[in-house]
Amino acid sequence: MTNSKSLILIILFACITLSTLYLYRFFLVDALIAGLICIATFGLKERLYNILRSNLLATLSIEIFLMLFFVLPLVFLIQQSIMFFSALKAQDILYYFQSSREGIKEILSNFPMITAHIQTLLQNLSAQKIAELSLSVSSYIGSESLHFFMDLGFILLFLFLFFYHGRSIYLGILRALPLNIKQGHHIFEEVSSVLKIVLLTSLVNMILQGLAFGIFLSFFHYKHALILGICYGIASLVPVVGGALVWIPVAGFEIFLGHFQHAIIISLYALIFIAFVIDNVIKPIIITFFNHKLLSKPLKINELIIFFAIFAGFSTFGFWGILLGPAITAFFIALWRLYQRRFKI
């Protein structure tokens, strides 16, 4: 009789759990992202609590801090993109298109091997097609920005709840896991350390790339080199594509002005020094530094695994995969080590 009651209780609990997940299915990813950010930055919130002696003030302070350093730059980039495409007029597009086409023909006249193919391609293009493409890009950015801001609002809401009730939620999860408290805490520490490294590395990498690009453009007498550097730093958060979202338009603008050598120099600098040296050489070094110098207990995970987990997460989950990829990888490695210790493999 007791077994049958236990079975009924398990079935009932499973049904209610599935129903709850289905009810809140549109908010699960936002809650998961907020939880991962909370795990990575909860130590900072605890330090603020020790200073302010108020859980509410500490929670509000850490939220404002995260908004200033992570949210506002993204909002600025999206706002500038919308303003740029919205300000485009048909006559401006026609003028830029005609001027660019003539400039490209003049440049390619020095390369007779490919001139015929490029001229055929340019003849198939028209200002109307360029205008339609610009309008479609503008509407796409607008719709995606709306979804992004909605997700951002829910993430901030969940973050507030997780920061404010962090300790009770953490203890509740530890008790619910089919592990003892020590094992659960070990897994939590592993995931938390990886997320701290990812956030700190992304922040330092963003600053380095933004400064490198902005300072370099200042030598070409750009009035808005600082803004372009900020945009480049923000774009560097996007793996694979990254700063190409900024340096390609800048190089295209130089070609439009007839500064072909400037375009080549900017492109090579962005590809070789920033994209390769900073992003692929210096970034793993930064990960190693944070792992051994800033963490109280260095991770027993190869830095390249964290590096590739960021790319894997982005390709699978999009922008927020920057956090999800390393978190899933760290969780898997921690469980695998626990399995090895338990069964002495």
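The values are calculated or read from the model by the stated rules, or taken from the named source; none is laboratory data. Here the structure is a predicted model, which means the values were calculated and not measured. No Cβ is skipped: glycine too gets one built from the backbone with ideal geometry, and neighbour counts run over all protein chains shown.
Exactly one residue out of Ile181, Ile264, Ile215, Ile197 is touching a helix residue (DSSP H, G or I) at 6+ places or on another chain (Cβ under 6 Å), β-branched (Val, Ile, Thr) and more than 25 Å from Phe317 (Cβ to Cβ): that is Ile181. Checking Glu132, Glu144 one by one, the residue that is within 22 Å of the chain's Cα centre (by Cα) and modelled with pLDDT under 75 is Glu144 and no other. Would you be able to say whether some residue in the stretch 231-245 is surrounded by fewer than 16 Cβ atoms within 10 Å (Cβ to Cβ), closer than 22 Å to Ala330 by Cβ and in the same structural domain as Lys283 (by TED's automatic domain parsing)? Among the residues of the stretch 231-245, at least one is surrounded by fewer than 16 Cβ atoms within 10 Å (Cβ to Cβ), closer than 22 Å to Ala330 by Cβ and in the same structural domain as Lys283 (by TED's automatic domain parsing), which makes the answer yes.
Scanning the stretch 224-280 for residues that are within 23 Å of Phe311 (Cα to Cα) and of a type in the set (D, E, K, R) yields one hit, Asp279. So, Phe220, is that one out of contact with any Ser or Thr (no Cβ under 6 Å at 6 or more places or on another chain), within 30 Å of Leu257 (Cβ to Cβ), in contact (Cβ under 8 Å) with a residue 24 or more places away in the chain and buried (at least 20 other Cβ atoms within 10 Å of the Cβ) or not? No: the conditions fail for Phe220. For Lys196, the stated conditions hold: it is among the charged types (D, E, K, R), part of a helix (DSSP H, G or I) and surrounded by 19 or more Cβ atoms within 10 Å (Cβ to Cβ). The condition (being modelled with pLDDT of 85 or more and farther than 23 Å from Gly229 by Cα) is satisfied by just one residue among Phe162, Phe213: Phe162. Inside the stretch 159-191, residues that are among the hydrophobic types (A, V, I, L, M, F, W, C) and either buried (at least 19 other Cβ atoms within 10 Å of the Cβ) or in contact with a Pro (Cβ under 8 Å, 6 or more places away or on another chain) (or both) make up a count of 5.
Criterion applied to Phe13, Phe85, Phe65 was being surrounded by 14 or more Cβ atoms within 10 Å (Cβ to Cβ), among the aromatic types (Phe, Trp, Tyr), in a helix (DSSP H, G or I) and at pLDDT 70 or above, and the one residue passing it is Phe65. Of the residues making up the stretch 251-279, those that are within 14 Å of Ala225 (Cβ to Cβ) and modelled with pLDDT under 85 number 2. Looking across the stretch 228-263, the residues that are touching a residue at least 60 places away in the same chain (Cβ under 8 Å) and under 23 Å from the mean Cα position of the chain (by Cα) come down to Ile230, Cys231, Gly233, Ile234, Ala235, Leu237, Val238, Pro239, Val240.
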